[in-house]
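Chemist: One structure, pasted below without further comment.
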Amino acid sequence: NPGFIMDIVPIVCSLPCWEIKKIHVRRMVDFSPYGPDEMSHIGAGLSASEFREGVRNQTIGHIGLLESSAMVAHCLGLQINELKQTKEPMITQKGRISPFATIPQGRVCGFKQEVMGFQDKNEKLRFTLMGIVSPDRDEDGVELGDYARIDGTPSVDITIKEEISQKGGLGTAGVAVNMIPRVLEARPGFSTMNTLLLPHIWTGRTQPAPIEKITRS
């Protein structure tokens, strides 16, 4: 399951660092474009107690956040000996409407899922994923976007705006397709984003078009 914000971005952002003390990665995503399957996946329209029952049954929430956290911790050299995951419902006070769901007041309109990584009870890593149906900035208290913060020497703070937080499915499909050449070039065996060659858009060309003219000032 190749990713971008919660694996390759924090790994690449660590390149200029001499040391890393702590990392925090956040995704705030608009789930409005998604259909019934994803609405069920995040518990949209459920009561808070029904949501928590789904968490206990492992039918609600994002799959892979623990694994991504562990991979990033490994790549960044964080000596983590405990990972803890939580999932909490977001309850709408006004009601929400999307193309695929109408959520009444007092029901689940999204979720907040977090993974915390500890080294002897000291938090060294926190991955936060929030998926919201028809986000309301005033009510939800969050702004859509993707964020990666490394506390270290030097520290690195990255904010990514625009459409990948509103059109996550489109971005996911793009990553899956663009990784095809990297997977084909990989050695046989198990690969993760950090073991593959530097990914980028797949143009379909085997070689880049030559630059025909260079003007030097």
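Chemist: If exposed chymotrypsin sites (Phe, Trp or Tyr not before Pro) are those in a DSSP loop with at most 14 other Cβ within 10 Å, what is the longest stretch of the chain that has none?
Modeler: Details: sites that count: TRP18, PHE190, TRP202.
The longest such stretch corresponds to 19-189.
Chemist: Multiply the residue separation of LYS213 and LEU15 by 0.36 nm, subtract the distance between their alpha-carbon atoms, and state the gained length in nm to one decimal. Mind dumping the intermediate values first?
Modeler: Numbers: separation 198, 0.36 × 198 = 71.28 nm, distance 3.34 nm.
The span from LYS213 to LEU15 would gain 67.9 nm if fully extended.
Chemist: Could you work out how far the C-alpha centroid of the stretch 56-107 sits from that of the stretch 115-180, in angstrom?
Modeler: 11
Chemist: Let me ask another. So which trypsin sites (Lys or Arg not before Pro) in the stretch 83-142 are both in a DSSP loop and have at most 16 other Cβ atoms within 10 Å of their Cβ?
Modeler: Values: sites: LYS84, LYS87, LYS94, ARG96, ARG107, LYS112, LYS121, LYS124, ARG126, ARG137; in loops: LYS94, ARG107, LYS121.
Of the trypsin sites (Lys or Arg not before Pro), the ones in loops of the stretch 83-142 whose Cβ has at most 16 other Cβ atoms within 10 Å are LYS94, LYS121.
Chemist: Compute the length gained on full extension between ILE201 and THR153: take 0.36 nm times their separation in residues and subtract their Cα-Cα distance, giving the result in nm to one decimal.
Modeler: Here the segment from ILE201 to THR153 would lengthen by 14.2 nm.
Chemist: As a test of the formula, what do you get for the chain when each DSSP H run with n ≥ 4 contributes -39,500 (n - 2.57) and the sum is divided by the residue count, at 222 nm and rounded to the nearest 500 deg cm²/dmol? Walk me through the numbers on the way to the answer.
Modeler: On the way: 7 runs with 54 residues, N = 217.
Result for the chain: -6500 deg cm²/dmol, rounded to the nearest 500.
Chemist: Right, next: Which of the pairs LYS21/LYS87; LYS87/LYS167; LYS94/LYS121 have their Cα atoms more than 28 Å apart in this structure? Mind dumping the intermediate values first?
Modeler: Numbers: LYS21/LYS87 25 Å; LYS87/LYS167 22 Å; LYS94/LYS121 39 Å.
Too far apart for the 28 Å limit: LYS94/LYS121.
Chemist: Right, another one. Ignoring ligands and nucleic acids, what accessible area does ILE160 show with a 1.4 Å probe (Å², nearest 10)?
Modeler: 40
Chemist: Under a cut-off of 19 Å between alpha-carbon atoms, report the aspartates and glutamates in cross-link reach of LYS161, not counting same-chain residues fewer than 8 places apart.
Modeler: Answer for LYS161, where 19 Å is the Cα cut-off: ASP7, ASP30, ASP136, ASP138, ASP140, GLU143, ASP146, listed by chain and number.
Chemist: Right, another one. Please state the relative contact order of the chain as a whole percent: Cα pairs under 8 Å, 6+ residues apart?
Modeler: On the way: 390 pairs, mean separation 61.6, N = 217.
So the answer I get is 28 percent.
Chemist: To the nearest 10 square angstrom, what accessible area does THR203 show with a 1.4 Å probe?
Modeler: 90
The values are calculated or read from the model by the stated rules, or taken from the named source; none is laboratory data. Remember, predicted model here, so these are calculated numbers, not experimental data. Methodologically, a virtual Cβ is constructed for each residue, glycine included, from the backbone with ideal geometry; neighbour enumeration extends over all protein chains shown. When the accessible area is computed, the model is the full protein with side chains, heavy atoms only, and any ligands, DNA or RNA have been set aside. Shrake-Rupley method; radii C 1.70, N 1.55, O 1.52, S 1.80 Å.
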